[in-house]
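A.B. asks: Got a structure here, written out as structure tokens. Questions coming.
Only the coordinates and a few stated rules stand behind these numbers; no lab work does. Treat the numbers as computed from the prediction; the structure is a model and nothing was measured. Neighbour counts are summed over all protein chains in view; Cβ atoms, including those assigned to glycine, are modelled from backbone coordinates with ideal geometry.
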Amino acid sequence: MSAGAGVVPLPYDAAMAGSLLGPEARAIALSAYRWMTLGRALDARMQGLQRQGRVGFYGAATGHEAVNVALGLATSPADWIVPGLREQLAALVRGHPLAAYAQHLFATDLDPARGRQMPCHPSARDVHYVSMSSVIGTQITHAVGIAAGLRARADPGVALGFFGDGATSANDFHAGLNFAAVYHLPVVFGCANNQWAISVPVERQTRSATLAAKGAAYGIPGERIDGTDFFRSYATLRDAIARARSGNGPTLIEFQVYRMTPHSSSDDPTRYQPRDWGARAASHDPVLRLEDWLRKNGQLDPELEGQIRIEAERQVREAVAEAESAPPPRPESLTEDVFVDSRPFVPERGE
Ligand SMILES: Cc1ncc(C[n+]2csc(CCOP(=O)(O)OP(=O)(O)O)c2C)c(N)n1
Ligand SMILES: [Mg+2]
């Protein structure tokens, strides 16, 4: 990638970054950069393949990488993620194999969901990443329900419900936040405000000054932060998760990000976004902002940066090649994992 020219620099010196990230700051920052580079490479490749008709659908998270990697790195294995539309990278950071995600994108027999979901809607039970629902707002009430279950079982996990700015207009937002506050549940609400709900700008979702301010109505602390700043995203999530885990109730975090791609492969934003949107978004590119910071702080040189990018592209290429050569789901898999005991159904259908 280019050397970060034109991006808004991250506002930290090394000591401040260290105080935000803790003693492992250097390792966390470099690891985050590797994951963010992988996410960027995956988005670029999959959007190209969708255009070639090789995958049916894709929704990129370009511009959301700092939040997603922070979510993956700040959570513990016991925690549960109930994603909105764009948190898939967090599942990979938590250990879901890229190969399995690619099988899902191509809806093969090795897809953990056996091709039953739209591409880009993974579920990753192995890492507590709940199947993505593109029904806007459901993530909020589902996360609250999971948090209530965790509490009832005295499980140390925290539920993290993620959603977009558009979801703050959905009924589930109000019901979910209220219930979570009243029952003081171990849940963190993450609103990835990318300033658009398809073609509707965030100014038309609300008259509130910020989306985070809405937490006050339910008695939940709300904070708006720069979600293109990995350091701030990580530290804010880590602290909110710790608060929930120690019994101090829910938090609402609004991550301000820029949607750097169309809403999905079915969208044409030139019909509704202002002409300067792309340039404004590019100046807040989270990958380039972290890259710029790592270079200035002596953690990245062009050689290492090139190695990281080539490695990310190689991983994506290999996962895609494997998935493209895998067979489609077997017809008999249709009733597998659906009924506790599918035997009585299968022979009847086959007759
Ligand atoms: C309940 C419901 N209403 C409408 C839709 C159609 N829809 C799909 S995505 C979307 C906008 C979502 O915007 P936002 O919550 O900001 O998330 P983003 O796509 O920006 O990440 C809408 C309205 C839906 N999926 N579910
Ligand atoms: Mg949005």
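A.B. asks: Counting helices only, and only those DSSP H runs with n ≥ 4, report the 222 nm mean residue ellipticity of the chain as the sum of -39,500 (n - 2.57) divided by its residues, in deg cm²/dmol to the nearest 500.
C.D. replies: My calculation for the chain gives -13500 deg cm²/dmol from helical runs alone.
A.B. asks: Quick one: compute the contact order of the range 14-350, relative version, from alpha carbon pairs under 8 angstrom and 6+ residues apart, as a percent.
C.D. replies: Computed value for the range 14-350: 23 percent relative contact order.
A.B. asks: What whole-number distance in Å separates the alpha-carbon centres of the range 219-292 and the range 170-186?
C.D. replies: After rounding, the separation between the Cα centres reads 21 Å.
A.B. asks: Work out the FRET efficiency for ASP13 and ALA216 from their Cβ-Cβ distance, taking R0 = 35 Å, and round it to the nearest 0.05.
C.D. replies: It comes out at approximately 0.60.
A.B. asks: Go through 123-132, 188-197 and give me the packing order, highest mean Cβ count within 10 Å leading.
C.D. replies: Going by the mean number of other Cβ atoms within 10 Å, highest first, we get 188-197, 123-132.
A.B. asks: Rank by packing, highest mean first: peptides 254-263, 15-24, with packing defined as the count of other Cβ atoms within 10 Å averaged across residues.
C.D. replies: 254-263, 15-24
A.B. asks: Using the C-alpha atoms of the chain, what convex hull volume per residue, in cubic angstrom, is computed?
C.D. replies: Hull volume over Cα atoms, normalised by residue count, gives 148 Å³.
A.B. asks: Shifting gears a bit: Determine ³J(HN,Hα), in whole Hz, for all residues of the range 49-65 in sequence, where each value follows from phi through the Karplus function 6.51 cos²θ - 1.76 cosθ + 1.60 and θ = phi - 60°; x replaces Gly and Pro.
C.D. replies: So the J values, rounded to whole Hz, are 5, 5, 5, 7, x, 8, 10, x, 7, 8, x, 6, 10, 5, x, 9, 4.
A.B. asks: Count charges around TYR218 for me, please; just the other residues with Cβ under 15 Å from its Cβ, Lys/Arg as +1, Asp/Glu as -1.
C.D. replies: -2
A.B. asks: Full extension from ARG34 to ILE310: what is 0.36 nm times the residue separation minus their Cα-Cα distance, to one decimal in nm?
C.D. replies: 98.3 nm
A.B. asks: Place a +1 charge on the Cβ of each Lys and Arg in the chain and a -1 charge on the Cβ of each Asp and Glu, then give the dipole magnitude about the Cα centre in debye, rounded to the nearest 20.
C.D. replies: About 580 debye.
A.B. asks: For ASP301 and ALA78 in one chain, what is 0.36 nm times their gap in residues minus the Cα-Cα distance, to one decimal in nm?
C.D. replies: My answer for the length gained is 76.7 nm.
A.B. asks: By how many nm would the segment from GLU332 to ALA242 lengthen if fully extended, with 0.36 nm per residue of separation less the alpha-carbon distance?
C.D. replies: Difference between extended and current length: 27.9 nm.
A.B. asks: Nearest 5 is fine: what % of DSSP beta bridges in the chain come out antiparallel, could you say?
C.D. replies: If we restrict to bridges inside the chain, about 10 percent are antiparallel.
A.B. asks: Using +1 at the Cβ of each Lys and Arg and -1 at the Cβ of each Asp and Glu in the range 178-235, identify which of THR206, TYR183, ASN193 lies farthest towards the dipole's positive end.
C.D. replies: Toward the positive end, the furthest listed residue is THR206.
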